[in-house]
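So the structure is just underneath, and the comments pick up after that.
The values are calculated or read from the model by the stated rules, or taken from the named source; none is laboratory data. What you see is a predicted model, and the numbers here were worked out from it, not measured in a lab. Glycine also receives a Cβ, built like all others from the backbone with ideal geometry; neighbour counts cover every protein chain displayed. What goes into the accessible areas is simple: the full protein's heavy atoms, side chains included, and nothing from ligands, DNA or RNA. Shrake-Rupley method; radii C 1.70, N 1.55, O 1.52, S 1.80 Å.
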Amino acid sequence: MKKLFLYTMLFSTIAFGGIAVSAQCDRNTTSPIRCGYYDEGYQDGVADANSNRSNDYRRYRNKFESQYEDHYRRGYSAGFDSVRPIVRWTNSQRSAYDSGFTIGQNDRRNGGQNRPGENAGRGYDANIGLYFQQGYDDGYNNRPRTYDVPLGNFPPNPGGGGSGSVGTASWSARVDDRANIIIRGGTIRTEDVAGSGLQVNYQNMNGNLPRSTTIVSATRRNGRGDVRVIQQPSRTNDYTAIIQVVDSRGGSDNYTVDISWARSGNSGNEPYRSGSVRWRGRVDQTADIIISGSDVQTQDSAGTGLSGVNFNITGYLAARPGSVTARKRNGRGSVTVRQQPSWDNDFTAIVQVFDPSSGADAYEVDINW
């Protein structure tokens, strides 16, 4: 008889083929046997995603009869997406992207200057403008149309996505006095230094700022004041760049800033520095422990609600290829190293805690490098 895994009820959903798919089976409305097939599909989906296999529940046809296929399929999709989450753009986001793509193509064909920021503010709010800008950039650079990818201030993809040796960012805002643009890893944020009511129109990144010696430059495209890099990324500031916009005249003005970076030619690898993390928390299904430098974050991959999370870190995960190990001290499920630090993921390690049983359990994990 097939081994069926039981989970507690969860109300969050994941998009699958236009159907709302629960991250766990609702046992208030679904029979135990159907939930059993759903739960087994969920575990197989998680296993396939962790093994970098394609999203295809049909390879397990021998595990279900036709009348239970839909339940197994939904569970498989939810499990797979808990490890590799998907993104569904709205019609407005797709429309803005398409509009930007067409204008970008036309500018490239006509020999015009790359100017996404001048168009992004025309009729779009700050969030939708990001999609216009990405479409423009893809069209101008003759890249294929690409939908349903994360844009804006999202955490970096755990699976990597480029070495980050070069990259760009664009930023637009109305500034009165001073504002700082702060870039670290795959995130960009703005600080209103003067507290005078900063209004950000859009901020977007193409690539990650790597955890290595990097030269960042900034160019003012619009605005009457000064733009300068006041902090270059280094190990002492956790590889964070700061670009400052200074508007010294009375009132405010609109600014557009182009930012770019490239690894310094003599950066090399950082010397090896051993370290460890002792992590504790209550996990129901799946949690990812993400380590970068001296930073430790935990993502609730299954959306079931982590609790009691705390950690202690000693040492520093250096910007160099290395070997990370993980050992479970407490907890009924499994602990695996999903991602070793490398050039391709900006030297980020990911350790996954997987709890297949019903309800949450307390875990304690030792991570070493």
Below 15 angstrom from the Cβ of Ile289, what's the summed charge of the other residues (Lys, Arg +1; Asp, Glu -1)? +1
Residues of segment 166-198 with amide N under 13 Å of a point placed 7 Å along Cα→Cβ from Ser260: 166-170
I want the local charge near Glu364. Using Cβ-Cβ distances under 15 Å, sum +1 for each Lys or Arg and -1 for each Asp or Glu among the other residues. +4
Can you pull the percent of segment 188-306's accessible area that's carbon plus sulfur, 1.4 Å probe, other chains left in place? 39 percent
A chain fully extended from Arg108 to Arg273 at 0.36 nm per residue, minus the present Cα-Cα distance, gains in nm 54.7 nm
With every protein chain in place, the accessible area of Leu198 for a 1.4 Å probe, in Å² rounded to the nearest 10, comes to 40 Å²
Ignoring ligands and nucleic acids, what accessible area does Arg109 show with a 1.4 Å probe (Å², nearest 10)? 150 Å²
Would you list Tyr57, Tyr272 from the most to the least accessible area, probe 1.4 Å? Tyr272, Tyr57
Cut-off 10 Å between beta-carbons: net charge of the residues surrounding Gly331, Lys and Arg +1, Asp and Glu -1: +2
